[in-house]
Amino acid sequence: MTSLASRPQSRLTVSAAQTTTAAVRGRAVPRRWGRRLYLAANIAILIFLLAPIAIVIVFALNPTPFIQFPPVGVSLRWFEKFFASRDFIHALGFSLEVAAMTTVAATVLGASAALAIARGNLPGSRLIVATMLSPLMLPAILTGLALFQSYVLLDVGRPLWGLVAGHTLVTIPYVVRTTLAVLHNFDVRLEEAAQNLGASPIRTFFEVTLPLVKPGVMAGAIFAFIVSFDQFPVSLFLVAPGSETLPITLFNYLKFDLDGTIGAASVVSILLAFIVVIALDRIVGLRSYVKL
Amino acid sequence: MPASSAPRVNSLALLILPSALLFALFFFLPIGLMAVMSVLTGNPVVMPNVGFTTRHYARMGNDSYYLEVIWTTIRIGLWTTLAALVIGYPLAHWMARIRSRTGHALLLMAVLAPMLTGIVVRTFAWMTLLSDKGVINQILTSFGLITRPLQLMYNETGIIIGLVHIYVPFMVLTLTGVIGRIDERLEQAAENLGASPWRAFIEVTLPLSLPGILAGSLLVFALAISAYVTPILLGGFQIMTLPILIYQQISANFNVGFAAALGMVLLTISLSLVIAYNHVLGLVSGQRGLQ
């Protein structure tokens, strides 16, 4: 009895199972190909993003004075030429000097502004934030042009403080953004608790707020350093002849020469940038500040 | 206004003052001066009798060369934006949907690495790739695919390739944030109802990520039209864009007034983009508020 009853039933089940598998297989084939296409496209995009950086490194180590592919050997002659060149070394030192001054100025001003915006109950704070972030979106070449014209009108020449002020202006948005992100994320009740326990607002600020916003401020500072170190359009208008920043010197060199020295200089900048990124990751973790 | 809805301004608000001073003296005042200079006949410091003039703007309107330069700048900006979107979207989608934390960190590194490499260095990289004796032409020649080198740079194509590489990370980071906020279960629901993954993407994910597409595109366009290094080096001084023309007016012609007028044109275009960008970002965060 059981066998008779179960047979048609099992056949039904089997055929149902077969149709499902067939349907799944029918859909799975294009799905698998779609998945492969998706990954292939993304890998191609990653190659597009990273290959130029790899090429620069290869080119810096290649001994021939012109571009040769595949490379014929490994040499450090371009690094020697770079470190022996007074122009490049002077520019590297000057860039580091400007970036250091800019970082201090942008961090102090930007972090204070962020605190004022987040905790000062300022009216129109949204407009203030938009204003503080505007040097990011407005072409930096305009900031350079406008400052250059003002310095010409005021007849002050091209002073170092003028260059640092320009750099500070274009780096402040990063500090404001990272500091504000941290200030918005942490619990205001921590500050309230400190005050309820009898701490004065000033003591609360130094013992609760400041330690908590430190990662955001540090991330902003590192960003400010990188942006200032790589800054081009503002420097283009504001550097004095004879004391140029590294990007300007590289640019002027590139206009006439395409040898491996530029590759070596690039590798030095890339290494500096990577050291900074690793430091950044150590201090705050990469995810927390990458918000556009 | 009731006190509860508008808390009193406290002493921390004073911390805004140093930045306010910096912005007033080194941002608003200079840009104001630029606006004034663009309608003056000369430099008021050197020449005692300067007057009002619209000749700098008239020169732009009357000479088709300058209109051509403005159009070239916008055209390069549009192509760069379109290419950055097409290239940036898949990567942003992958970054937003990848499950592995290590995978996400590696992708983030890959996107940030070019951003941290400096514009001059990246432009140099593309010069070594695209020039007549560059890597791409050498590879193609060695395989016998071409006999004469392809003209890959010193034209608009070269400029656009370089600009896309420089600005695609901005597109990816903007898009990833927006795609990441789209509930993945919406796509799964569409697929469970019988839609193919492609159709689920076109009808669910893509429309929901439109604000991100718009915000990223505005950002990339604003950055691309103000680029200087890449257009001048990859264009080989052959192609004139607005930023190149502005710097030329200062460095070669020392025509501060005309440079200021050109600057005002670029400022107007950029300001409208900034306003649109902030509006779109407002839409994005408004949408998040609804969820």
Review point. Between B:Q151 and A:L39, what FRET efficiency comes out of the Förster formula 1/(1 + (r/R0)^6) with R0 = 41 Å and r the beta carbon distance, rounded to 0.05?
Key: 0.80
Review point. If each residue's Cβ is checked for other Cβ atoms within 10 Å, how do B:T53, A:T107, A:T171 rank with the fewest at the top?
Key: B:T53, A:T107, A:T171
Check your understanding: Once you average over the residues of A:125-138, how many Cβ atoms of partner chains fall within 10 Å of each Cβ?
Key -> 4
Exercise for review: Describe numerically, in nm with one decimal, the distance between label points set 7 Å from Cα along Cα→Cβ at B:A35 and at B:R8.
Suggested key: 3.7 nm
Review point. Between the range A:59-133 and the range B:20-59, how many Å separate their Cα centres?
Key: 31 Å
Revision key, fill the gap. Expressed in angstrom and rounded, the centroid-to-centroid distance over alpha carbons for the range B:78-145 and the range A:218-238 is 22 Å
Study note, to complete from the structure: Going fewest to most other Cβ atoms within 10 Å around each Cβ, A:V217, B:V172 line up as A:V217, B:V172
Review point. Near A:K81, which aspartates and glutamates are there with a Cα under 12 Å away, not counting those fewer than 8 places off in the same chain?
Key: A:D259
Exercise for review: Scan chain B and note any complete DSSP helix (H) whose C-alpha atoms cover at least 15 Å along its axis and whose Kyte-Doolittle average is 0.0 or more.
Suggested key: B:64-97, B:101-115, B:119-130, B:156-181, B:210-225, B:256-290
Practice item. Take B:M109, B:M115, B:M60 and order them by how many other Cβ atoms sit within 10 Å, fewest up front. Key: B:M109, B:M60, B:M115
Review point. Calculated from DSSP H runs of 4 or more alone, at -39500 (n - 2.57) each and per residue, what is the 222 nm mean residue ellipticity of chain B, nearest 500?
Key: -22000 deg cm²/dmol
Review point. Using 0.36 nm per residue, how much length does the chain from A:R158 to A:S243 gain when fully extended, once their Cα-Cα distance is taken away?
Key: 29.6 nm
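Throughout, read-outs are computed from the coordinates displayed, never taken from laboratory work. In this text, all values refer to a predicted model and were calculated from it rather than measured experimentally. For neighbour counting, all protein chains shown are included, and Cβ atoms are generated from backbone atoms with ideal geometry for every residue, glycine included.
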